[in-house]
Amino acid sequence: MSRTYRIAVLAGDGIGPEVMTETLRVLDAVEAKFGFNTERSVQLVGGAALDATGNETPLPAATVEACEQSDGILFGSVGGPKWENLPPDIQPERGALLPLRKHFGLFANLRPGVCLPSLTHASPVKNELIPEGFDVLCVRELTGGVYFGTPKGRENRDGEPVAFDTMVYKKSEIQRILRVAFTAAMGRGKKLVSVDKANVLASSVLWRETALEVAKEFPEVELSHLYVDNAAMQLVRRPGSFDVLVTENLFGDILSDEMAMISGSLGMLPSASLGAKKEGSDLYFGMYEPSGGSAPDIAGQGIANPIAQILSAAMLLRYSLGESDAADAIDAAVAKTIDDGYRTGDIATGAATEKKVGTQGMADAILAHLK
Ligand code: NAD
């Protein structure tokens, strides 16, 4: 009997619907090839939901319900100039993305920073430092640390304003994110760098102690530690030497953007936000989306790179549905397509050997490589 899964499809705004259409064609192809089936609940989110509800909400109850009933969420991107002047609480990102993360307890953010060997020209890192490109996975804790710690506030002390935040982590929060990172490392190069600031911060001392403890559960993974300032430097000097990197919320916010920048194009980078493991399984409930936004500057022109969205679907297959062969096949087809010279505008150099394509053309090439 064919394996059947339920996914919620939330294309959103800007280039979201364009790249989602192509991604669903790729999903159709791997489903046929690997013998499984996804039942898709297509729902409104972001500006599209605001338009449909008369600016009531960017996250309708029906959308949340469909997500609750799914094995994972395939998300496009939300936002754009049209909705920027609405009250902050109902703006697409703040009113849809953050509540979804909170509602589903998505505590682990996985962002691959991949620069394929034939795209090193798009990276701002000197080409001689990355002759083979690189493939780093950044695992960021998403629901703890200084962004959410209390007390947080502002008051007057000795006649002048003082503002304060609290960086706080429970050991259990550190353990669960480290387990996600170690597990990811097991499926890759088995090397994990834990990033902290244990020479200064108490929360980092607990982080490092906990990393050493959790490492005992994963004896095959080689664990090392870097202070965050050094990690930021090493990432631009020798990105090819990293496999998986794990860190707390604030450090991860900064390092994952640094990684996106050195990778070359936002149009190539997927991401996953994972919640708890599903009962009795090694799979996670998660939300999968491109690292970039809705790219209003190119929306509607059929020129957006669909690869970030397509690779997000591959991550959904891997982490939430357990269809790793299909995920591997998508990753390989994308790499082969790039190797064969297919380029959307964001990764093109104008070289005569390149095959310039739009959103649909890139998906066609990937589909051809899947066959
Ligand atoms: P952006 O990521 O949308 O765009 C930055 C640049 O990257 C643009 O030049 C864009 O054309 C390019 N780009 C991004 N994805 C691309 C793709 N797939 N193919 C080719 N080029 C691509 O960031 P921004 O311009 O700062 O934000 C635009 C809107 O998106 C804003 O409303 C912002 O709030 C929203 N946003 C949403 C998310 C999300 O939904 N998760 C994330 C970031 C920004």
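Where residues in segment 247-269 are under 25 Å from A327 (Cβ atoms) and touching a Lys or Arg at 6+ places or on another chain (Cβ under 8 Å), which of them is surrounded by the fewest Cβ atoms within 10 Å (Cβ to Cβ)? Here the answer is A260. When segment 315-342 is limited to residues that are in contact with a strand residue (DSSP E or B) (Cβ under 6 Å, 6 or more places away or on another chain) and under 16 Å from A365 (Cβ atoms), the one that is nearest to the ligand (Cβ to nearest atom) turns out to be Y342. Note on segment 188-207: among residues that are open to solvent by 30 Å² or more (accessible area, probe 1.4 Å), part of a loop (DSSP other than H, G, I, E, B) and in contact (Cβ under 8 Å) with a residue 12 or more places away in the chain, the one that is farthest from L235 (Cα to Cα) is L201.
Candidates are the residues of segment 343-360 that are in contact with a helix residue (DSSP H, G or I) (Cβ under 7 Å, 6 or more places away or on another chain) and at pLDDT below 95; the one that is farthest from the ligand (Cβ to nearest atom) is T349. Pairing residues of segment 74-100 that are of a type outside the set (A, V, I, L, M) with residues that are more than 7 Å from the ligand (Cβ to nearest atom) and open to solvent by 80 Å² or more (accessible area, probe 1.4 Å), at Cβ distances under 6 Å and at least 6 apart in sequence or on separate chains, gives P88/R94; G95/D89. Across segment 66-110, the qualifying residues are those that are at pLDDT below 95 and among the basic types (K, R), and the one among them that is farthest from A299 (Cα to Cα) is K102. Only one entry of D13, D28 meets the criterion of being surrounded by fewer than 24 Cβ atoms within 10 Å (Cβ to Cβ) and either within 16 Å of the ligand (Cβ to nearest atom) or not aliphatic (A, V, I, L, M) (or both), and that entry is D28. In the set (1) more than 23 Å from the chain's Cα centre (by Cα); (2) loosely packed, with under 11 Cβ neighbours inside 10 Å, the condition left unmet by P124 is number (1).
Condition first: closer than 29 Å to K126 by Cβ, open to solvent by less than 20 Å² (accessible area, probe 1.4 Å) and not in a strand (DSSP E or B). Can you find one or more residues in segment 218-231 that meet it? Within segment 218-231, one or more residues are closer than 29 Å to K126 by Cβ, open to solvent by less than 20 Å² (accessible area, probe 1.4 Å) and not in a strand (DSSP E or B). Only one entry of S281, S271, S312, S294 meets the criterion of being within 15 Å of the ligand (Cβ to nearest atom), assigned to a loop (DSSP other than H, G, I, E, B) and out of contact with any Cys (no Cβ under 8 Å at 6 or more places or on another chain), and that entry is S294. So, K170, is that one free of Cβ contacts under 8 Å to residues at least 60 places away in the same chain, surrounded by fewer than 14 Cβ atoms within 10 Å (Cβ to Cβ), out of contact with any Ser or Thr (no Cβ under 9 Å at 6 or more places or on another chain) and not assigned by TED's automatic domain parsing to the domain that holds D346 or not? Spelling it out, K170 is indeed free of Cβ contacts under 8 Å to residues at least 60 places away in the same chain, surrounded by fewer than 14 Cβ atoms within 10 Å (Cβ to Cβ), out of contact with any Ser or Thr (no Cβ under 9 Å at 6 or more places or on another chain) and not assigned by TED's automatic domain parsing to the domain that holds D346.
Could you list, in sequence order, all residues of segment 297-307 that are open to solvent by 30 Å² or more (accessible area, probe 1.4 Å) and more than 6 Å from the ligand (Cβ to nearest atom)? Once the filter is applied, which keeps residues that are open to solvent by 30 Å² or more (accessible area, probe 1.4 Å) and more than 6 Å from the ligand (Cβ to nearest atom), segment 297-307 yields A299, G300, Q301, G302, I303.
The values are calculated or read from the model by the stated rules, or taken from the named source; none is laboratory data. Being a predicted model, the structure only gives us computed values, none of them experimental. Virtual Cβ from ideal backbone geometry, glycine too; neighbours counted across all protein chains shown. Quick note on the areas: whole protein, heavy atoms, side chains included, nothing else; ligands and nucleic acids left out. Shrake-Rupley method; radii C 1.70, N 1.55, O 1.52, S 1.80 Å.
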